[in-house]
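In what follows, a structure is listed as structure tokens, so that the remarks can point back to it.
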Amino acid sequence: MTDLSKRAADLLKGHRESIDRLDAVLVYTLAERFKHTQAVGVLKAQHDLPPSDPLRESQQIERLERLAREANLDPEFAKNFLNFIIGEVIQHHRKQQS
């Protein structure tokens, strides 16, 4: 292995280790987020509130798009990601109400 190949392999390994750590952070962050959204779902079910809140959802999407732009992340990707999460949350809330 040449010195250049060794440096490239070391850089690749470092990036992959960072990606693995960030994946763990994402999973634990999502788990924490879903703990809170499940608590919201219980409250909504107890108080006969609708499982979705379109105004809040649109505000969150706008907020996330702004944060994405600030972080140099594609806002469309961020919006799609949040829409996926919101869909999962609403599905959980509907199950709690049935």
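Structure above, values below:
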item: Long-range neighbours under 6 Å by Cβ, at least six apart or interchain, first residue within 16 Å of GLN97 (Cα to Cα) within segment 27-41, second aliphatic (A, V, I, L, M) and surrounded by 12 or more Cβ atoms within 10 Å (Cβ to Cβ); result: THR37/VAL89
item: Members of segment 62-91 that are within 15 Å of PHE34 (Cβ to Cβ), more than 13 Å from the chain's Cα centre (by Cα) and surrounded by fewer than 16 Cβ atoms within 10 Å (Cβ to Cβ); result: GLN91
item: Selection from segment 52-61 of residues that are surrounded by 12 or more Cβ atoms within 10 Å (Cβ to Cβ) and part of a helix (DSSP H, G or I); result: GLU57, GLN60, ILE61
item: Single residue of segment 20-51 satisfying the filter (under 14 Å from LYS95 (Cβ atoms) and of a type in the set (S, T, N, Q)) that is surrounded by the fewest Cβ atoms within 10 Å (Cβ to Cβ); result: GLN38
item: Flag for GLY41 being in a helix (DSSP H, G or I), more than 25 Å from LEU73 (Cβ to Cβ) and small (Gly, Ala, Ser); result: yes
item: Flag if LEU26 is assigned to a helix (DSSP H, G or I) and either more than 15 Å from the chain's Cα centre (by Cα) or on the phi > 0 side of the Ramachandran plot (or both); result: no
item: Filtered residue count, segment 13-62, keeping only those that are modelled with pLDDT under 95 and more than 19 Å from GLY87 (Cα to Cα); result: 3
item: Failed item, numbered, when LEU22 is tested on (1) free of Cβ contacts under 8 Å to residues at least 12 places away in the same chain; (2) in contact with a Leu (Cβ under 6 Å, 6 or more places away or on another chain); result: (2)
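The values are calculated or read from the model by the stated rules, or taken from the named source; none is laboratory data. What you see is a predicted model; the values in this text were computed from it and never measured. Glycine also receives a Cβ, built like all others from the backbone with ideal geometry; neighbour counts cover every protein chain displayed.
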